[in-house]
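Everything on this sheet refers to the single structure shown next.
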Amino acid sequence: MPSAREDQLVPIEQAELLARLRWFIQLRWVFGAATLAAALLMIEMPLGRVHARMLAGIGIAILGYNWLFWFLEGWLSHHRPEAHARYADVAASAQIILDLVALTFVLHASGGAGNPFCLFYVFHMVIATLLLRMRDVFMLAGLAIVLFTSLVLLEMYGWLPHHSLFGLEEVHKSPRYVAITLVAFASAMLTAVYIGTSIARRLREREHEILRLERQLADYTRELERTNQELVKADEEKTQYFRKVSHDLKSPLAAQQSLLRALLIQIRESDAQSAAHVERAIARGDQLLALLNDLLLLSQAKDVVRGPRHEWIDPGDRLRAVIDAQALAAREKGLDFFEEMDTPLPAICAESGTLLTLAENLISNAIKYTPKGGRVTFSLLSRDEHLIMAVRDTGIGVAKDDLPKIGQQFFRTSQARESGSPGTGLGLAIVRSMVEAMHGRFDFQSELGVGTTVTVALPLAHPEMLREVEPFCRLEDRRD
Ligand code: ATP
Ligand code: MG
């Protein structure tokens, strides 16, 4: 007996059951037609004592009820979709019962127990295991055994005529032959059904497990999407908060710095000790102002593609002053400064301050983190519709383990902190945000104690960016 749990399992999903039923209807067209064709052939060329006319009738009956199922299937799916799903279970059982009856008649017309085609009962059982619950499959196997046994016994006792296939008259009347045939038939049927249903049950359990996991996965995905949206929102709120706090703090601090500078001028001559204190206060205040400026820049970095201040920029021209100022700072520190630039450089569509911020951050880092006697090289090239800005130095470098953290807000390596150079750890976060917003690429290569190369590749005219900043960068205004 099947356990309660096995019985609770839905055999297969309704949609799949209906698809399989459709396929069996197609198969039945072939079998019905083959039976009819064989019968017609045997009317012309008799085979043993096969009842060809009865066989032809059965062929027509098979085609007839198959047409009925085909019609019902089509009609229900169009007109009564809700009944269509319920119909599947009933239709599967009804079709198999009719097939078993038809097969019994085919066997009766063509040799009874002596016809090797009695094996076809097994095919029906295989089909049943694919479609139905275990309990129903065993009931159908029972029905097949009852039908075949009745046929064989009725022919043995002479209550039904025997239409011999091979012209051997007596064998169907031998109780021993009949008994062996029936035992072999019943055991083959039950074994086939047992194996078939066991495999089908395991497959269905797996199908259900896969289905359950798929649903779970879909739930997780939805949850992940929701959390992601919340994170994006929280990030946006944090940015807004940064922006507001930095902005509100900047004005009073700038005013305080001006007052301190005025005070310093007044007391520098008269009170050297106080002047030193004020100078330190001013230096600290300047650091704080720099931090606020960085925070403000960071909060605006993602907006660099939306600003109305976009235009076609000649990068070499625009960066000239910054490069010269940084070259001076490098030489003052005792570094060699080199410059490599393609001439002419193509124009790039960008917000006017962005290129300056990028160059300033990268070159100032190189100068800051390269000890005296080292070398800094700034290059500006054009490759594949991109502006490539690269800064190479022979400075302190970054350890391999720290490389993934470079560009995270407030991250500074222990070597950078120990070098004594001031910094907030926001410069590269700003650079990365700006580069991402411009659909560009950021690359940081470094080796501890050897040096660093930072490369930024910016599309000259990214289509999405052009769409955002229309009409400030029109392609017809571009000059190469
Ligand atoms: P600031 O925000 O004032 O620029 P910072 O220079 O410390 O401060 P970032 O520019 O964001 O911050 O750089 C982050 C960290 O990356 C630095 O603290 C340093 O550890 C490392 N770094 C960046 N550029 C270089 C470089 N050229 N050589 C070695 N380390 C570097
Ligand atoms: Mg920096």
Helix-only estimate, please: 222 nm mean residue ellipticity of the chain, summing -39500 (n - 2.57) across DSSP H runs of length 4 or more and dividing by its residues, to the nearest 500.
-23000 deg cm²/dmol
Amide hydrogen neighbours beyond the local backbone of Ser382, cut-off 5 Å, H modeled:
Asp342, Ile388
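About its Cα centre, what dipole magnitude does the range 4-173 give when the only charges are +1 on Lys and Arg Cβ and -1 on Asp and Glu Cβ, stated in debye to the nearest 20? Display every interim value, and only then the final one.
Numbers: 11 positive and 13 negative charges, 26 e Å.
Around 120 debye, computed over the range 4-173.
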Along the charge dipole of the chain, which of Gly427, Ile180, Ala254 sits closest to the positive end, that is, farthest toward it, with unit charges on the beta carbon of Lys, Arg, Asp and Glu (+1, +1, -1, -1)?
Ile180
I need to check one value: relative contact order of the range 1-152, counting alpha carbon pairs closer than 8 Å and at least 6 residues apart, in percent.
30 percent
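If packing is taken as the mean number of other Cβ atoms within 10 Å per residue, what is the order of 331-339, 17-25, 126-134, highest first? Could you put the intermediate results ahead of the total?
Values: 331-339: 14.4, 17-25: 16.4, 126-134: 22.2.
Ranked from most to least packed, the peptides come out as 126-134, 17-25, 331-339.
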I'd like the Karplus ³J(HN,Hα) series for the range 133-143: coefficients 6.51, -1.76, 1.60, θ = phi - 60°, whole numbers in Hz, and an x wherever there's a Gly or Pro.
5, 3, 4, 5, 5, 5, 5, 5, 4, x, 4
Spin-label pair Gln266/Ala329, simplified geometry with 7 Å Cα→Cβ offset, distance in nm
3.3 nm
Phi angles of the range 54-61, converted by Karplus (6.51 cos²θ - 1.76 cosθ + 1.60, θ = phi - 60°) into ³J(HN,Hα) in whole Hz with x for Gly and Pro, give 4, 4, 4, x, 5, x, 5, 4
In nm, give the distance between the simple-model label positions of Ala33 and Leu119, each being 7 Å from the Cα along the Cα-to-Cβ direction.
2.4 nm
The set of residues whose placed amide H lies less than 5 Å from the amide H of Leu426, leaving out same-chain residues fewer than 5 positions away, is Phe410
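Please find the FRET efficiency linking Ile199 to Glu223, where r is the Cβ-Cβ separation and R0 is fixed at 35 Å, and quote it to the nearest 0.05.
On the way: r = 36 Å, r/R0 = 1.03.
E between Ile199 and Glu223, to the nearest 0.05, is 0.45.
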Which whole-Hz couplings ³J(HN,Hα) result when phi for each residue of the range 312-321 is put into the Karplus expression 6.51 cos²θ - 1.76 cosθ + 1.60, θ = phi - 60°, listed in order with x for Gly and Pro?
6, 10, 8, x, x, 4, 5, 8, 3, 4
Putting +1 on Lys and Arg Cβ atoms and -1 on Asp and Glu Cβ atoms, find which of Ala19, Pro116, Val454 reaches farthest to the positive end of the dipole of the chain.
Pro116
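Just the accessible area per residue of the chain, please: how many Å² with a 1.4 Å probe? Spell out each step's value before the answer.
Details: 27080 Å² over 480 residues.
For the chain, the per-residue accessible area is 56 Å².
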Relative contact order (percent, whole number), the chain, Cα cutoff 8 Å, 6+ residue spacing
11 percent
If DNA, RNA and ligands are ignored and the probe is 1.4 Å, what is the ranking of Trp75, Trp29, Trp159 by accessible area, most exposed first?
Trp159, Trp75, Trp29
Which order do peptides 137-145, 411-419 fall in by mean Cβ count within 10 Å, highest first?
137-145, 411-419
Heavy-atom accessible area of Ile265, protein chains in place, probe 1.4 angstrom, given in Å² to nearest 10, is 130 Å²
Counting only protein heavy atoms and leaving out ligands, DNA and RNA, the solvent-accessible surface of Lys302 at a 1.4 Å probe, in Å² to the nearest 10, equals 110 Å²
Please sort 179-185, 107-113 by packing, taking for each peptide the average over its residues of neighbouring beta carbons within 10 angstrom, highest first.
107-113, 179-185
Could you tell me the center-to-center distance, by alpha carbons, between the range 44-72 and the range 253-329 in angstrom?
98 Å
Need the list of lysines near Lys405 for cross-linking: C-alpha distance under 30 angstrom, and skip anything on the same chain fewer than eight residues off.
Lys233, Lys238, Lys244, Lys250, Lys302, Lys333, Lys368, Lys372
What is the ratio of the Cα radius of gyration of the chain to 2.2 N^0.38 Å, where N is its residue count, to two decimals?
1.91
When every protein chain stays in place and a 1.4 Å probe is rolled, Phe71, Phe442, Phe378 sorted by accessible area with the largest first are Phe71, Phe442, Phe378
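When the accessible area of the range 305-477 is computed with all protein chains present and a 1.4 Å probe, what percentage of it is carbon and sulfur? Walk me through the numbers on the way to the answer.
Numbers: 4020 of 8400 Å².
Carbon plus sulfur share of accessible area: 48 percent.
The values are calculated or read from the model by the stated rules, or taken from the named source; none is laboratory data. On a predicted model such as this, the values are computed, not experimentally measured, just so you know. Cβ coordinates were reconstructed from backbone atoms using ideal geometry, including for glycine residues, and neighbour counts include every protein chain displayed. Accessible surface is based on the protein model in full, side chains and every heavy atom, while ligands, DNA and RNA are left aside. Shrake-Rupley method; radii C 1.70, N 1.55, O 1.52, S 1.80 Å.
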